[in-house]
Amino acid sequence: MARYTEARCRLCRREGEKLFLKGPRCNTPKCGLAKRAFAPGQHGSNNKQKLSNYGLQLRQKQKVKRIYGVLEQQFRNYFEIASVSKGVTGKILLQLLERRLDNVIYRLGIGVSRSQARQIVRHNFIYVNNHRVNIPSYLIEKGDTIDIKAKEKAQGKLKDNLELSKKDRSLPVWLEFDALNWQAKVVRLPEKEDIGATIQEQLIVELYSK
């Protein structure tokens, strides 16, 4: 399974904004963007070149890819699905990304970052509609129930994650979560307004439509 393994702070610096790839650490003085608020590389601090239309579209695509932790081919596959689906392509693209199981675990606060949420899914802790699912890209549907079944030692870590997550973000309205029984339900499919990040999805549609 291909995944990004390099320094994540470089990604935030390249986009010029916090993508919260390291969870709560991004809100501390240790944040790489707080220390060096310029693009990485030898000439990053001197790069004041104005972006072209293509540059703006590319940066928006890269930003969304990095937020959700997907690589180019997988991201393009999501776009292809969105482009042949009924509805607004950009909206459906974001909805597909939000419906990923690793993102749902992150939204529930069980993982403090999407990369950690992906690891939780891979460790066989997650059951969807009473079936174990260990595929981070699994797409949830409206009405799905999600159970978190972890051993006692792992549950302690997950509880700590919940407490940390409560300080940074709230539970989205399209999810319900019973923390006592470690069970969640997908009330409805997510909308763009539920994402919380500033994303111009139309720029991505324009980029791939050329």
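Rank S209, S115 by accessible area, highest first, at a 1.4 Å probe radius?
S209, S115
Rounded if a/c is under 1.5, else prolate if a/b is larger than b/c, else oblate: which is the range 75-207, with a ≥ b ≥ c the root eigenvalues of its Cα gyration tensor?
Verdict is prolate for the range 75-207.
When the Karplus curve 6.51 cos²θ - 1.76 cosθ + 1.60 is applied with θ = phi - 60°, which whole-Hz ³J(HN,Hα) does each residue of the range 50-59 get, with x for Gly and Pro?
6, 6, 6, 4, 4, x, 5, 5, 5, 5
Considering all projection directions equally, how large on average is the shadow of the alpha-carbon convex hull of the range 139-210, in square nanometres?
6.7 nm²
Of the listed pairs K159/K192; K61/K166; K86/K142; K65/K157; K159/K185, which have alpha-carbon separations greater than 20 Å here?
Checking Cα-Cα distances, K159/K192; K61/K166; K65/K157 exceed 20 Å.
On a C-alpha basis, how far is the centre of the range 141-158 from the centre of the range 62-134 in Å? Whole number, if you could?
Centre-to-centre (Cα) distance: 17 Å.
Mind checking the per residue accessible area of the range 53-210 for me, 1.4 Å probe, whole number of Å²?
52 Å²
The values are calculated or read from the model by the stated rules, or taken from the named source; none is laboratory data. Keep in mind that this is a model prediction, so the values were computed, not measured. Each accessible area value is taken on the protein alone, full model and side chains, heavy atoms only, with ligands, DNA and RNA left out. Shrake-Rupley method; radii C 1.70, N 1.55, O 1.52, S 1.80 Å.
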